[in-house]
Amino acid sequence: MKKLIVLLLIIGANISFAQYYSLKGKIFDKNSHDGLIYANIRTAGLSIGASTNAEGYFELKLLPGKYTLISSFIGYISDTVSVSINNNENINIALTPVPIKLPEVTVLPGINPAIRIIKNAIEYKNKRAEKLNSYDFTAYTKGAIRTDQDMSVGGNSLSIGLGSSDTTKNSDSTALQINGILENQSRGYYKKPNNYKEEIIARKQSANFPSSINLLTGGRLVQNFYTDDIQFFDRPLPSPLSNNALDYYYFRIVDSLAMDNDKVYKIYFEPEEEFYPGFNGFIYIMDKSFALLKVDVSLNKAANTAGLLTKINIFQQYVPFEDDIYMPIDYRLFIEANILGLAKFGFDLNSIMYNYTINKEINDDFFDMAVLTVMPEADKKDSLYWQNVQTIPNTIEEITAYKKIDSVNAIPRTFWDNFSFLSSYVGISDNFSISGPLSIYSFNVVEGHSLNMGLFGYDLLDKRLNSSINFGYGFSDKKVKTDFASEYFMGKYRIHKIKFAAYNKNEVLFSESDDYNDLTSTIASLFGKYDFRDYFGRKGFKTSLSSLVFPVLTLGVGYFNNTDVSLANKTDFSFFNKKKKYRTNQIIDDLRINALTAMFQFDFRNYIEDGLYIRRVSRSGFYAVFDGDLVYSNNKVLKSEANFNLYKLNIYGRLNTFKSAKLTFNITGVNSTGNVPFQYLYALPGNIEGSGKDFSFRSLGLGEVYGDRAVTVGLEHDFRNELFKMAHIPYFKNSDINLSGYISAAWLDIRSNSKILLTKTPITYLKPFYEAGFSLGHPLFPLKFEFTWKLNYKGVNNFTFGINTVLL
C-alpha cells in the first residue's frame, strides 16, 4: 500500500511539473526566402497548432515526444516534418509555390461562374451547421494600439495621444509606434442553438493600460464568417456566405490557386449597391468540398460609420477537423482611425485558436448569463506559466515597443503632465484627483460667483472604495457648502454596495428631470441673464445598501434625513442685459424629512465578469430593464415632518427593428399617498430655450409641469440612414446623415393633499399630452437638430427647434 501511495505521488509530481518546450521557427517561400505571413502549422493527429506572425515566425509549446508537423499556405505545397522534442528547438520550413491557372471558361450572357461556387459554398456552410452541435477551444490573443504619443492610465481611464499610420500587414508603420500591448489566454465554449461562453484564463498588458481594456481581446470581438450575420458597430452585416449573399453581394472569380493538389478559387466580392453596408475583398473557396478556407476583407464605406475609421481589414483562416468540419484557427483585425484630421491611431488584434474539441457533450447548466468571465487568478499568472502558453511570437517592432513602454512608464508623471484647462478633474496620483479648471468656478442667482474645490479618491482598498469631498463658497450668499460621499463594494465581483453621504449644500429643484450641466447654467446666466434653475438648501445625510441577490435581480434599502429650506435671489449680476431681472427663485416647503427607501431592478441582459465587476451587455435584438423605487416618510415612526409615500417605476430598453435601425423606449410611472412636499414632486423632463435632450419634452420648460401622479412614455426610433437608402434619395442615401423620429406622451395629475401646499395653480394633463418630431445628425458631431410639434394642448411653443447635444 505504501509503495502504491509513493508511486501515485511520483506520477502526480510529474504531471504537476510537466515541462513544455518551445519549438520556434520560420515558414518562408522556398524561392524568394520571404517569410509567409500567417502561414499555418499544426501537429498531425492533434489539435495543437499556430500560425506565423507578420514576419513569418511561429512558436509551438510542446511536451517532450515525437511529432509530425504539417505546414500549409494557400498557393503552396504543404510540407510534413517529423521532430523529436526533448529541449527547446528551432526549425525553418520552406514551402514551394504551386500556382495553377484556371482553364478558359466560356461565359454565357447573364451567367457568372462564381455564382455556382458561392451556391455550393453556402450549401456546405449549412451542412456544416447541421453537423456542428458544440465545440470548445483555447485561444491566445494579442492586441496593440499604435499612436504618435505616449499613453498613460489613471484609475479606469486611458489617455492617448493620437497620430497617423497604416496598420495593415503590408503597411509602413514608421509614422506610428506601438504604445500599448495586451495579451490573454482564453477558453471558449459553444452549444446549439446560440449558447456561448468564454473564460479568460490568463491576461497581462503593458502598465499604461487599465486592466479592463483586456476585455477587448475576448471572443466578443472575434467574428466567424461561417455565420450569416456579423456584428460591427452594433450593425448586423451579411456574411459573404449568408443565405441571402447572392442577392446582396456581387462575386467575381479573380484567380485560381492551389493548396497541395487541390484547386482553390480566389473570389472577389462587394455589395451590389455602394450604399449597402457590408464587406468587400477576397474569399478563398476549396474546389471539391466548397469549404471556406480564408477571408481577407474590409468594411465598405456604407458600413464604416461616418468614415470615422479609414481602414478596417479582417483576415481569417479555417482548417478541417473531424467529420470535415472547418473551424477558424485565427482572426486578425487591423483598424486605422482619423477623427476630423485631428486624432489618428491604429489598433491590431491577432488571435490564434487551437485545442478544438468538436461535438463534445456540454451540459446546459454550464451556460449562464455570464458570456465572458475573467477567472480570479487570471492576473496572477507568473512568467513560468506564460512560458508554457501557446503564443504568437513578438515581432522586432513589438520587442522594441515593450522596452520603450516599460521605460516610458518608469518616468514619474507630475501634476502638470495631467493638467488641462479643458478638464473637470486633474489627476494628482493613480488614485486621487482634484477639481479641474472647468469645475472650480460657477455662478447662479443664489450663490453668485462661487469657488468650488473637490478631492476625489477612486479604486482604493483593493479597488473597492470610492470617496469624494467637495467644498464651495458663494460670494453672494456668503455660505460654505460641503458634500461628502463614499461607496464601498463587497463580494467576489463587488455585487454588494454600501453608500453614505453627508451634505450641507444647495440643491437644484427637480434635479432628476434636469440633464444640463453646471457650465451651461453658468454661461446662460453670465451672458444671457437666464438662470433656468431653481435652488433650495439641503442639510443632512443618507445611506443605502444594495445587492445583486440573483443574476437578474438587485435589491436595496436605505434611509435619509433631509432638512430643506427655501432660498432667495442674492445677486442680479450679468455681463450683459443689465436692466433685465432674473426671475424669482421658487419657494419650497421648509421642513425636515426622515424617510426609508427601497429599490429593485430586474435586468435580464447577459453580463461580463471582468475580474472586478459585473458589466451588462446588450447582444440581442431586444432588452428591457425594470427599476422601482419607494420613499416612505412617517411622522409617528420616523419623526418626519410630513406623511407620504412615493412609488416610482421606470422601464427602459431597446428593440432592433430593421437592418441597423433601432427603437429605444423609456416609460415612467409615479404614484403617491399623503402630503408630498413640493421639492419631492415629479416634474416632466423639459428643456431650456433652443435646446433638447433625449427622452424629454422638447416643447416644455424645465420644471414647468409637475405632480405626484404621472405616466410618461418616450419612444425614439433611430433610423440611421436606412430610410434614405430604401427610398434611394439622392445624396442622402450615400451620406452619413442620420434620421431619428420621436414621440412623447404624458398623463399627470396632483392629489388635493399635495396641491394645498402649492403657492400657484399647477398645470395638469388629465388627458394625455402628446408631442412628436424628428432630428437630423451626423455620427462625427455630438449634436442633432430637432424639430418638434405639440399635437394637443396647443398654446405656447407649438413648434420648437432645438439643438440636442451632450455638451450642454
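The values are calculated or read from the model by the stated rules, or taken from the named source; none is laboratory data. All figures in this text were calculated on a predicted structure; none of them were measured in a lab. In this analysis, Cβ positions are derived from the backbone assuming ideal geometry, glycine residues included, and neighbour counts consider all displayed protein chains. Accessible surface areas use protein heavy atoms only, side chains included; no ligands, DNA or RNA. Shrake-Rupley method; radii C 1.70, N 1.55, O 1.52, S 1.80 Å.
Tell me which residues, restricted to region 460-492, are under 17 Å from R538 (Cβ atoms), open to solvent by less than 30 Å² (accessible area, probe 1.4 Å) and not small (G, A, S). Within region 460-492, D477, K481 qualify. Please tell me if K30 is open to solvent by 40 Å² or more (accessible area, probe 1.4 Å), touching an Asp or Glu at 6+ places or on another chain (Cβ under 7 Å) and at pLDDT 90 or above. Spelling it out, it is not the case that K30 is open to solvent by 40 Å² or more (accessible area, probe 1.4 Å), touching an Asp or Glu at 6+ places or on another chain (Cβ under 7 Å) and at pLDDT 90 or above.
Here's the yes/no breakdown for (1) open to solvent by less than 30 Å² (accessible area, probe 1.4 Å); (2) at pLDDT 75 or above; (3) assigned to a helix (DSSP H, G or I):
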residue	(1), (2), (3)
A175	no, no, no
N179	yes, yes, no
R187	no, yes, no
P193	no, yes, no
K197	yes, yes, no
N208	yes, no, no
S212	no, no, yes
D247	no, yes, yes
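Can you find a residue that is assigned to a loop (DSSP other than H, G, I, E, B) and over 18 Å from I230 (Cα atoms) anywhere in region 277-288? I'd like the intermediate steps shown before the answer.
Narrowing region 277-288 to residues assigned to a loop (DSSP other than H, G, I, E, B): 277-278, 287-288.
Within this subset, residues satisfying the condition of being over 18 Å from I230 (Cα atoms) are 287-288.
Taking every residue of region 277-288 in turn, at least one turns out to be assigned to a loop (DSSP other than H, G, I, E, B) and over 18 Å from I230 (Cα atoms).
Of all residue pairs spaced 6 or more apart or on separate chains, those with beta-carbon atoms under 9 Å, a first member in region 466-484 that is farther than 13 Å from N452 by Cβ and a second member that is open to solvent by less than 40 Å² (accessible area, probe 1.4 Å) and among the aromatic types (F, W, Y) are N466/F456; N466/F489; S467/F456; F484/Y503.
For the residues L766, L776, the requirement of being farther than 30 Å from L308 by Cα, part of a strand (DSSP E or B) and in contact (Cβ under 8 Å) with a residue 12 or more places away in the chain singles out L766. When L309 is tested against (1) over 18 Å from S239 (Cβ atoms); (2) open to solvent by 30 Å² or more (accessible area, probe 1.4 Å), only condition (2) is not met. Of all the numbered requirements in (1) assigned to a loop (DSSP other than H, G, I, E, B); (2) over 24 Å from L646 (Cβ atoms); (3) open to solvent by 20 Å² or more (accessible area, probe 1.4 Å); (4) in contact (Cβ under 8 Å) with a residue 12 or more places away in the chain, H717 misses one, and that requirement is (1).
Please count how many residues of region 628-668 are under 22 Å from F560 (Cβ atoms), assigned to a strand (DSSP E or B) and not polar (S, T, N, Q). Reasoning before the result, please.
From region 628-668, those under 22 Å from F560 (Cβ atoms) are 628-650, 668; that's our starting set.
Filter once more, so that each one left must be assigned to a strand (DSSP E or B): 628-633, 644-650, 668.
Among the residues that remain, those that are also not polar (S, T, N, Q) are: 628-632, 644, 646-649.
Total meeting the criteria: 10.
The condition (being open to solvent by 10 Å² or more (accessible area, probe 1.4 Å), modelled with pLDDT of 90 or more and not in a strand (DSSP E or B)) is satisfied by just one residue among E55, E59: E55.
Let's see how each residue does on (1) open to solvent by less than 10 Å² (accessible area, probe 1.4 Å); (2) without any contact (Cβ under 8 Å) to a residue 12 or more places away in the chain; (3) more than 29 Å from the chain's Cα centre (by Cα):
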residue	(1), (2), (3)
D629	no, no, no
P685	no, no, no
G703	no, no, yes
D708	yes, no, yes
H728	no, yes, yes
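Answer yes or no: is there a residue in region 539-546 that is open to solvent by 60 Å² or more (accessible area, probe 1.4 Å), assigned to a loop (DSSP other than H, G, I, E, B) and hydrophobic (A, V, I, L, M, F, W, C). The answer is no, given that none of the residues of region 539-546 is open to solvent by 60 Å² or more (accessible area, probe 1.4 Å), assigned to a loop (DSSP other than H, G, I, E, B) and hydrophobic (A, V, I, L, M, F, W, C).
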